Amino acid sequence: MIVVNLDVMMAKRKMSLNELSEKVGITLANLSILKNGKAKAVRLSTLDAICRALDCTPGDILEYREDSDQ
């Protein structure tokens, strides 16, 4: 499964959801869905904007973990 570590990177950069939303240009609601791991997909342009705003790489935000249910 893919785990979204957006909240971890935001904490490391001391950036609020509101601030990141403004920098990235996506709604607070959509960013919250991504942060909470509820998103089914993410556009590469959105991922690029998040990485630029947080000065990180996609691997800092997205992590693959073996699904323990399988």
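Every read-out reported here was derived from the displayed coordinates using simple, explicitly stated rules and does not represent laboratory data. What you are looking at is a predicted structure, and each value in this text was computed from that prediction instead of being measured. Note: ideal-geometry Cβ built from the backbone for every residue, glycine included; neighbour counts use all protein chains shown.
Within segment 34-70, the residues that satisfy the criterion of being touching an Asp or Glu at 6+ places or on another chain (Cβ under 9 Å) and either loosely packed, with under 11 Cβ neighbours inside 10 Å or closer than 15 Å to ALA11 by Cα (or both) are LYS35, ASN36, CYS51, ALA53, LEU54. When we screen VAL24, VAL3, VAL8 for residues that are among the β-branched types (Val, Ile, Thr) and touching a Lys or Arg at 6+ places or on another chain (Cβ under 6 Å), the only hit is VAL3. Under the condition of being in a helix (DSSP H, G or I) and touching a helix residue (DSSP H, G or I) at 6+ places or on another chain (Cβ under 7 Å), the residues counted in segment 47-57 number 6. Scan segment 15-70 for residues that are aromatic (Phe, Trp, Tyr) and free of Cβ contacts under 8 Å to residues at least 12 places away in the same chain and the total you get is 0.
For segment 1-35, the candidate set comprises residues that are touching a strand residue (DSSP E or B) at 6+ places or on another chain (Cβ under 8 Å) and assigned to a loop (DSSP other than H, G, I, E, B); within that set, the residue that is nearest to LEU62 (Cα to Cα) is ASN5.
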